[in-house]
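Undergrad: Pasting a structure here, questions to come.
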Amino acid sequence: MTGESVTRRSFLLGSAGLATTVLAGCTSVPVRERVAVEPEPVDTSIYAAMYGPKPDEQFPLPAIPYQKIDPRFYRQMVPNPTGERPGVIVVDTASHFLYLTYEDGQAMRYGVGLGRAGFEWAGRGVIQYKREWPRWTPPDEMIGRQPELEPYSSRNGGMEPGLKNPLGARALYIFRDGEDTLYRIHGSPEWWTIGKSVSSGCVRMMNQDVVDLYNRVQNGTPIVVLGSPAVAAAY
């Protein structure tokens, strides 16, 4: 294995951090149009380690059967198609991809699951804070649609963290203009939903991938969520 291969393997597995200073706050720069891009080939031998078990977690994570997932949704470094500066998270809802932009025109790309039609949010914001193994407190609007979730309301303290918690191993909380959008980037044990639109609005990732993203970004990281043109125009 060459030195270049070793470096790439280490970076994809999460040992390399983002070497740029992330800027806090929102910006009024118009959201750019999404650009399709062919993925850069990735050494398939790294997948077993990338999506293997993580026994050192507070709640040990089981391995993900990555062979059952479309390979284009695996974590991989690709040419940056977003036009954003380094240190920005970009969620392309049309393609079910999340990008973290880097120097030299590159971006780390992850596959994501997204909200059903009618539960979408688009625009610019910031990762206000992030949490390991968070509690889940569904918003009142969701409880109104699903009264059976009342035991997990903020009034009742939310759902305890764990492998069955809908927020998974990590959560990144999206704010806009200092206010909570109620949307999150979070882990999910339901790896089979990656690449699909099934959740109630949030951006879900495989637990192993959200742990990797969590380790790469800081509080204050800018985020752009690209929705449909009609949704994006409202922001």
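The values are calculated or read from the model by the stated rules, or taken from the named source; none is laboratory data. Note that the structure is a prediction, hence the values are computed from the model and not measured. With ideal geometry, Cβ positions are generated from the backbone for all residues, glycine too; neighbour counts draw on all protein chains shown.
Undergrad: Within the bounds of the range 106-126, is there any residue that is at pLDDT below 95, of a type in the set (D, E, K, R) and in contact with a Pro (Cβ under 8 Å, 6 or more places away or on another chain)?
TA: No: zero hits.
Undergrad: Something else: Return the residue satisfying two criteria in turn: it lies in the range 67-87 and is without any contact (Cβ under 8 Å) to a residue 40 or more places away in the chain and buried (at least 20 other Cβ atoms within 10 Å of the Cβ), and of such residues it is farthest from residue 196 (Cα to Cα).
TA: Result: 80.
Undergrad: If you go through the range 43-66 one residue at a time, how many are surrounded by fewer than 18 Cβ atoms within 10 Å (Cβ to Cβ) and either over 19 Å from residue 217 (Cβ atoms) or touching a Gly at 6+ places or on another chain (Cβ under 9 Å) (or both)?
TA: 15
Undergrad: So residue 87 fits all but one of (1) in contact with a Pro (Cβ under 9 Å, 6 or more places away or on another chain); (2) at negative phi; what number is the exception?
TA: Residue 87 satisfies all of (1) in contact with a Pro (Cβ under 9 Å, 6 or more places away or on another chain); (2) at negative phi except (2).
Undergrad: Within the range 219-232, count every residue that is at pLDDT 95 or above, of a type outside the set (A, V, I, L, M, F, W, C) and in contact with a Gly (Cβ under 9 Å, 6 or more places away or on another chain).
TA: 3
Undergrad: Suppose the filter is out of contact with any Gly (no Cβ under 6 Å at 6 or more places or on another chain), closer than 20 Å to residue 207 by Cα, acidic (Asp, Glu) and surrounded by fewer than 20 Cβ atoms within 10 Å (Cβ to Cβ); does residue 150 pass it?
TA: Judged against the criteria, residue 150 is not a match.
Undergrad: Scan the range 110-145 residue by residue and report those that are among the basic types (Lys, Arg), touching a residue at least 12 places away in the same chain (Cβ under 8 Å) and more than 19 Å from residue 190 (Cα to Cα).
TA: 124, 130, 131
Undergrad: Out of everything in the range 169-190 that is under 17 Å from residue 65 (Cα atoms) and at pLDDT below 95, what residue ends up being surrounded by the most Cβ atoms within 10 Å (Cβ to Cβ)? Even if it seems obvious, please write down each step before you answer.
TA: Taking the range 169-190 as the starting set, the residues that turn out to be under 17 Å from residue 65 (Cα atoms) are 187-190.
Subsequent filtering for residues that are at pLDDT below 95 retains 188-190.
On the way: 188: 25, 189: 19, 190: 16.
The residue in question is 188.
Undergrad: I would also like to ask the following. Which count do you get for residues in the range 114-165 that are farther than 22 Å from residue 220 by Cβ and of a type in the set (A, V, I, L, M, F, W, C)?
TA: Qualifying residue count for the region: 9.
Undergrad: Shifting gears a bit: Would you confirm whether any residue within the range 37-51 is aromatic (Phe, Trp, Tyr) and modelled with pLDDT under 95?
TA: Scanning the range 37-51 turns up at least one residue that is aromatic (Phe, Trp, Tyr) and modelled with pLDDT under 95.
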